[in-house]
1. Roughly how big is the stretch 56-141's charge dipole about its Cα centre, with Cβ charges of +1 (Lys, Arg) and -1 (Asp, Glu), in debye to the nearest 20?
2. Report the calculated FRET efficiency for residue 179 and residue 290 (r = Cβ-Cβ distance, R0 = 45 Å), to the nearest 0.05.
3. How high is the FRET efficiency from residue 164 to residue 214, r the C-beta distance, R0 30 Å, rounded to 0.05?
4. Roughly how many percent of the accessible protein surface of the chain is carbon and sulfur, given a 1.4 Å probe and a whole-percent answer?
5. More than 18 angstrom separation, counting every C-alpha pair in the stretch 139-264; what % is that?
6. Let me check I have the definition right: for the stretch 53-129, take the eigenvalues of the Cα gyration tensor, multiply each by 5, take square roots. What are those semi-axes in whole Å, largest first?
7. Using a Förster distance of 41 Å, how high is the FRET efficiency between residue 198 and residue 312, based on the Cβ-Cβ distance and rounded to 0.05?
8. Quick one: dipole size for the chain, taken about the Cα centre, charges +1 on Lys/Arg Cβ and -1 on Asp/Glu Cβ, in debye to the nearest 20.
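The values are calculated or read from the model by the stated rules, or taken from the named source; none is laboratory data. What you are looking at is a predicted structure, and each value in this text was computed from that prediction instead of being measured. With ideal geometry, Cβ positions are generated from the backbone for all residues, glycine too; neighbour counts draw on all protein chains shown. The area values use the complete protein model at the heavy-atom level, side chains included, leaving out ligands, DNA and RNA. Shrake-Rupley method; radii C 1.70, N 1.55, O 1.52, S 1.80 Å.
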Amino acid sequence: MKRSTRGETIFSLMKDFVIRNPLEEDAEKFEDLDWVLKMLYLYHGDFDRRDMFCAVNREDELLAVAHLMKHDTFEAAGHDEDRNYIRYLTYEITFAEQVEQEALKDALTAALIGRSRAIKAEHPQKRIVMAQYIGTDNHEELSYFLERGFTIYDTIVIFKFDLSREIPGYPLPEGVRVSPFALDNSEALEQYHRAELSSFEGVAWSINQLSWMQGTPEMANFCAFSGDRLIGNTSTWRITEERSATENVFVVPDWQKKGIARNLICAALNDLKQRGKSIATLGTHGTNRKAIRLYTQLGYELYGFRLTVGYEIE
């Protein structure tokens with residue numbers, strides 16, 4: 001170990017750490033790094049301890065945590081014949097304060113790649129990429145991974161809506177209503193899941209991920225119904241005190257191009273405005289011309305970009 005000029009202890013990390021899977025007693029330690037890590041470890045139905053790695057020092061103090069999660073593309077239905085279809089394993093690395101990172105990041109990245117190779121061995125027919133999302137202005141992080149053989153697989157365009165401006169209104173088709181909908185039981189979760197699967201060509205959050213997200217601060221789902229059938233959605237959740245997401249925008253295929261998506265988004269925007277939020281943001285693939293046209297017509301403006309930076313698992 002060594003001391004900083006401010007008298008704080010900083011770990012050298014050349015020899016003073018080990019990488020291991022989490023232990024029961026680590027749960028309380030996770031909260032010091034990130035409260036969400038603790039909740040993920042304890043309560044996410046899709047979590048697998050083999051997919052998480054802890055870096056600890058000789059005193060068993062937690063220095064960093066890295067974990068993998070299967071992205072909604074991983075189990076996407078209807079793509080088995082397409083050998084080029086990418087199944088993502090998303091990952092995050094979270095560090096404790098005052099820790100020098102590079103040697104530790106190297107070791108954790110190697111552990112994640114090793115675990116991804118084990119998953120690949122279980123699914124040899126799948127094209128698997130281990131990836132995370134990095135803002136285009138984070139040059140240091142981008143350089144780190146690009147120098148180690150990672151490449152850029154996708155560009156996510158981030159748009160914002162200024163909630164001080166007027167929110168447009170649009171007529172709904174006859175017999176369609178839009179209202180908040182709580183996904184607080186298995187029937188509601190299944191109904192939502194089926195609609196999302198049909199809207200995104202077999203790509204959707206798992207039931208466990210969907211249930212997990214309902215615990216996100218300020219989570220709300222604005223759903224469109226034809227009778228009792230759920231036919232569309234826009235979800236919102238807190239990002240900061242001033243900013244919320246407007247995400248998971250979908251309409252089932254037989255109800256598309258009828259103005260429902262516009263109504264769903266505007267219902268969400270009106271709710272956020274009433275709650276005192278300043279901006280709403282959403283992201284879409286840079287190649288999704290249809291979505292970009294919709295969002296810009298509604299009044300969303302360009303906010304930034306995130307890159308999907310990944311490592312293909314052979």
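1. Details: 10 positive and 17 negative charges, 125 e Å.
Dipole about the Cα centre, nearest 20: 600 debye.
2. Numbers: r = 25 Å, r/R0 = 0.56.
With a Förster radius of 45 Å, E is 0.95.
3. Numbers: r = 29 Å, r/R0 = 0.97.
After rounding, the FRET efficiency stands at 0.55.
4. Values: 7690 of 16200 Å².
Taking all protein chains in place, the chain shows 47 percent carbon and sulfur surface.
5. Numbers: 4799 of 7875 pairs.
Cα-Cα pairs in the stretch 139-264 separated by more than 18 Å: 61 percent.
6. Values: eigenvalues 196, 24, 17 Å².
Calculated on Cα positions only, the semi-axes equal 31, 11, 9 Å.
7. Values: r = 29 Å, r/R0 = 0.72.
The pair residue 198/residue 312 has a calculated efficiency of 0.90.
8. Values: 37 positive and 49 negative charges, 193 e Å.
With only Lys, Arg, Asp and Glu charged at Cβ, the dipole is about 920 debye.
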